[in-house]
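Every number in this text was worked out from the coordinates using simple rules, so none of it is lab data. None of the values given here were measured: they were computed from a predicted structure. Every residue, glycine among them, receives a Cβ derived from its backbone with ideal geometry; neighbour counts consider all protein chains shown.
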Amino acid sequence: MSIKQFGLIGFPLSHSFSKGYFAEKFKKEKIQNSDYDIFPLEKIADFEILCQQQTNLVGLNVTIPYKEQVIPFLDELNEDAKAIGAVNTIKFFQGKKIGYNTDCYGFEMSLKPLLKSHHQSALILGTGGASKAVEYVLKKLGITYQYVSRNKQAHTITYDELSKDFDLLQTQIIINTTPLGMYPNIDAAPPLPYSKINEHFILYDLVYNPEKTLFLKYGKTQGAQTKNGLEMLYLQAEKSWEIWNS
């Protein structure tokens, strides 16, 4: 019986826990004839070469920086992925490459237990593919949001504007969707006015390596609830597995 090939594309991938997570899953659940590998692609055009070389591909996860760039290479998108405009899961089925987004499921399920009635407004740090899934979930939950980016763009404010003019107390949730603080660059953090944060805040970091980023440490010092992206990773991974095997 041929091996079912699963894996992760992105670049770089030295930070990823996915290979270890699925290796443990296969062992624990006695899943046979399945393999999960990481496929670092220096450019998205290499995706087509990978698909030609790996003839047993059943499913792929997609991470930074290709969640949006991979879309033109796919045949179909499911409703969530289409609405979000970003893909983190690809299913190879009957000669087609179908894009899904399970980040939205992972983020929603991991955020909801933290929410209290005063959590009505959020800042989304970063404008990459992962931020689109976060926006999608906040809309669904009726939480207003504001994008923050290093560079001025439509519908965003800059970190400078946030520090000078923006009333942080109007916001109760701050979500980091950037790779800032991710291993090995663990001394980096989004440039926020952390002194304005208090115990009413949630600071959520999609980064999960290291377990406590500088962003989360600063929040914890101010009394905020903090959460990293590890549970989100596990939830989206299980949802991906469900999609690949349905």
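Suppose the chain between Asn33 and Phe11 were pulled fully straight at 0.36 nm per residue; how much longer would it get relative to their current alpha carbon spacing? Show your work: numbers first, answer last.
Working: separation 22, 0.36 × 22 = 7.92 nm, distance 2.67 nm.
Using 0.36 nm per residue and subtracting the Cα-Cα distance, I get 5.2 nm.
What is the fewest-to-most order of Lys96, Lys217 by other Cβ atoms lying within 10 Å of their Cβ?
On the way: Lys96 10, Lys217 15.
By the 10 Å Cβ count, ascending, the order reads Lys96, Lys217.
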Fewest to most Cβ atoms within 10 Å: Leu114, Leu125, Leu13 sort as Leu114, Leu13, Leu125
Of the candidates Tyr159, Asn185, Val148, the farthest towards the positive dipole end of segment 105-231 (Lys/Arg Cβ +1, Asp/Glu Cβ -1, centred on the Cα centre) is Val148
Dipole check, segment 201-246, charges on Cβ (K,R +1; D,E -1), about Cα centroid: among Ser240, Tyr208, Tyr218 the Cα furthest to the positive pole belongs to Tyr218
For Lys28, counting only lysines whose alpha-carbon sits under 25 Å away and dropping same-chain residues fewer than eight positions off, the answer is Lys4, Lys19, Lys91, Lys239
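Please label the shape of segment 92-210 as rounded, prolate or oblate, based on the square roots a ≥ b ≥ c of the eigenvalues of the alpha-carbon gyration tensor (a/c under 1.5 means rounded; beyond that, a/b larger than b/c means prolate, else oblate).
prolate
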The size of the Cβ-based charge dipole (Lys, Arg +1; Asp, Glu -1) of segment 1-159 about the Cα centre, to the nearest 20 debye, is 420
Whole-number value, in Å³ per residue, for the convex hull of the alpha carbons of the chain is 129
Inter-part gap, Cα centre of segment 86-130 to Cα centre of segment 1-63, in whole angstrom, is 20
Label model pair Leu50, Arg150: point-to-point distance (7 angstrom along the Cα→beta-carbon line) in nm is 2.4
